[in-house]
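**Q** I'd like to ask you about the structure that follows.
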Amino acid sequence: MKISKNKKTVGYLILWVIASILPLSARAETIGLAEYLQQIQAEHPFFKQQALDGEIERAQQQRFLGDEDWVVSASPGYRHSERTNSNGFTAEKRDGLVLGAGLARTFWSNGGRISVDYHYSHIEQQFAAPLGTFDEHGNGLSVTYMLPLMKNRGGELSRLEYELQRFTVDHSDLASVERREAYLEQHALLFIDWVFVDEQQRIAANRLALADKELIRTKQKRRSRLVAEVDVLRARDAVINARQHLSAIKTQWLALQAELATHAMDRSLYQMSPHFDLYALKVLPSVAEARDDLHQSARQLHQIDVQLAQSERLLGGLDNQLAPELELMLSGGLNSEADHLSGSTSFDQPQYALGLNFRYPLGQRTVRADVNKARLQQQQLRAARSSLELQLEAQLRNFLVQLEQLEGVMALNREQIEVAQLRTKEELSRHNQGRSELSFVIQSRDNEQNAQFSLATNAARYQKIWLRYTALMDVLIDDLALNDEGLLP
């Protein structure tokens, strides 16, 4: 009956140890990396802020459409003049009323400009006797069309600012996605820290359960005078050390949980624990395959490509500005005049004009300087792209080498754990036979725990490098349909 009671005590003690960590892990609802990152992306204000970057640039682009808007103009006016010295042919008083109105617009399709103008005038002149007063009313309607034949031919310069801004919008979109992915990477790495501490907690809790079990067993042996009192003290010391270690890990676990819950803006995370296979290994691509994928999909390279395309469009516009200004002018209209208002609306006096306007500044030093600057900036962008390709490839090779080597290290860690477990079994057998001290058992179990910690440390490092690799390959934010372990395929 005494042995049965002791077994029950051991069972209760183990249950207490497990229950002490259940609020932090097993009893709690779990959350995976994919779910956490999706929640961050949906709720965190950083992503709302980043989404506005592209909208701001698009709004900026829309302002350039105003260059194609119809422009309405009006110019009413009145003028009065008097002369003190006048003769029969010079008016003593003159009153003039004029009204001008028009519509004008530029067409981006060909760079042409059209204007439709209406003009009304009323002049009243008062002469000395016997001439008296004379009225004159005039109306005119005209249409003028200007078409560029060299500079701005095809509307190239009219559309320039709008098209340059389009590249700015594309660049802003890519940069925004890149920043969002970097933000997700940062929080994914923090999540892996939580997973690592959770695994440390599991290992430490198991070590405490074994230490408590050993303490009970040693006390039983002491009551039977099979071991010395010093063994009881050693067993108690092992329990105290294990509890201290577990308590420190719990503190770190709770701190990471609080930080992650705050970033996710979700208090329910305080009742959750991480769900993640820390020891899952990935199928690594060859360096050549990964390099080709990187050069094709890297957003940072695409950003420079957008800048190069923008630079090319700017150079085209600047080259066009070097061309002479040659415009074809077509104009036609109808006028009418009469000494009374009703008679001035017949519009019976046609007129038309055809001409060319030519202008060419000698030297063109300002535009040529802009062209030279744009070409130098283009060369700089190409050099920056080549440099970035090397930098990204160096990071890629670094990650793949580390991942490959860590797989081997983790295999050695597992072998070390197996050896430590066999040694613990042997030391425990020797101690039970009275051929060794309890300290050797405790030391062996500590070595086993340390080996498990080493494996967990290298596994966490492996998962972090893999996440950084997925971010480098620009697939972290593009594919949040992660597997249950939270690892991208």
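The values are calculated or read from the model by the stated rules, or taken from the named source; none is laboratory data. The model shown is predicted, which means the values in this text are computed figures rather than measured ones. In this analysis, Cβ positions are derived from the backbone assuming ideal geometry, glycine residues included, and neighbour counts consider all displayed protein chains.
**Q** Considering (1) within 60 Å of the chain's Cα centre (by Cα); (2) under 19 Å from residue 334 (Cα atoms); (3) modelled with pLDDT under 90, say which one residue 66 fails and leave the rest.
**A** Single failed check for residue 66: (2).
**Q** Do any strands (runs of 3 or more DSSP E) entirely within region 63-126 hold 3 or more residues that are of a type in the set (A, V, I, L, M), and if so, which?
**A** Those strands (runs of 3 or more DSSP E) span 71-74, 93-106, 113-126.
**Q** Every residue in region 184-228 that is among the β-branched types (Val, Ile, Thr) and either outside any helix (DSSP H, G or I) or over 43 Å from the mean Cα position of the chain (by Cα) (or both), please.
**A** Matches in region 184-228: 216, 218, 227.
**Q** From the set of residues in region 132-149 that are surrounded by fewer than 17 Cβ atoms within 10 Å (Cβ to Cβ) and not hydrophobic (A, V, I, L, M, F, W, C), which is nearest to the chain's Cα centre (by Cα)?
**A** Among them, the one singled out is 145.
**Q** Further question: Regarding residue 293, is this residue surrounded by fewer than 17 Cβ atoms within 10 Å (Cβ to Cβ), assigned to a helix (DSSP H, G or I) and more than 29 Å from the chain's Cα centre (by Cα)?
**A** It is false that residue 293 is surrounded by fewer than 17 Cβ atoms within 10 Å (Cβ to Cβ), assigned to a helix (DSSP H, G or I) and more than 29 Å from the chain's Cα centre (by Cα).
**Q** Name the single residue that is nearest to the chain's Cα centre (by Cα) among those in region 317-345 being part of a strand (DSSP E or B) and hydroxyl-bearing (Ser, Thr, Tyr). Give the derivation first.
**A** Of all residues in region 317-345, those part of a strand (DSSP E or B) come to 325-338.
Still in the list and also hydroxyl-bearing (Ser, Thr, Tyr): 331, 336.
Details: 331: 53, 336: 64 Å.
Restricting to residues being part of a strand (DSSP E or B) and hydroxyl-bearing (Ser, Thr, Tyr), the top hit is 331.
**Q** Residues that are out of contact with any Leu (no Cβ under 8 Å at 6 or more places or on another chain), among the β-branched types (Val, Ile, Thr) and not in a helix (DSSP H, G or I): does region 143-162 have at least one?
**A** Checking region 143-162: at least one residue is out of contact with any Leu (no Cβ under 8 Å at 6 or more places or on another chain), among the β-branched types (Val, Ile, Thr) and not in a helix (DSSP H, G or I).
**Q** Here is a follow-up. For region 392-414, give me the residue count where each residue is surrounded by fewer than 15 Cβ atoms within 10 Å (Cβ to Cβ), in contact (Cβ under 8 Å) with a residue 60 or more places away in the chain and among the polar types (S, T, N, Q).
**A** Number of matching residues: 1.
**Q** Still on this structure, please answer the following. In region 362-391, how many are in a loop (DSSP other than H, G, I, E, B) and either touching a residue at least 24 places away in the same chain (Cβ under 8 Å) or in contact with a strand residue (DSSP E or B) (Cβ under 9 Å, 6 or more places away or on another chain) (or both)? I'd like the intermediate steps shown before the answer.
**A** Quick first cut of region 362-391, residues in a loop (DSSP other than H, G, I, E, B) only: 362-364.
Filter again for either touching a residue at least 24 places away in the same chain (Cβ under 8 Å) or in contact with a strand residue (DSSP E or B) (Cβ under 9 Å, 6 or more places away or on another chain) (or both), leaving 364.
The number of residues fulfilling the criteria is 1.
**Q** Could we say that residue 417 is free of Cβ contacts under 8 Å to residues at least 60 places away in the same chain, aliphatic (A, V, I, L, M) and either part of a loop (DSSP other than H, G, I, E, B) or under 22 Å from residue 212 (Cβ atoms) (or both) here? Walk me through how you get there before you give the answer.
**A** Numbers: free of Cβ contacts under 8 Å to residues at least 60 places away in the same chain: yes; aliphatic (A, V, I, L, M): yes; either part of a loop (DSSP other than H, G, I, E, B) or under 22 Å from residue 212 (Cβ atoms) (or both): yes.
It is true that residue 417 is free of Cβ contacts under 8 Å to residues at least 60 places away in the same chain, aliphatic (A, V, I, L, M) and either part of a loop (DSSP other than H, G, I, E, B) or under 22 Å from residue 212 (Cβ atoms) (or both).
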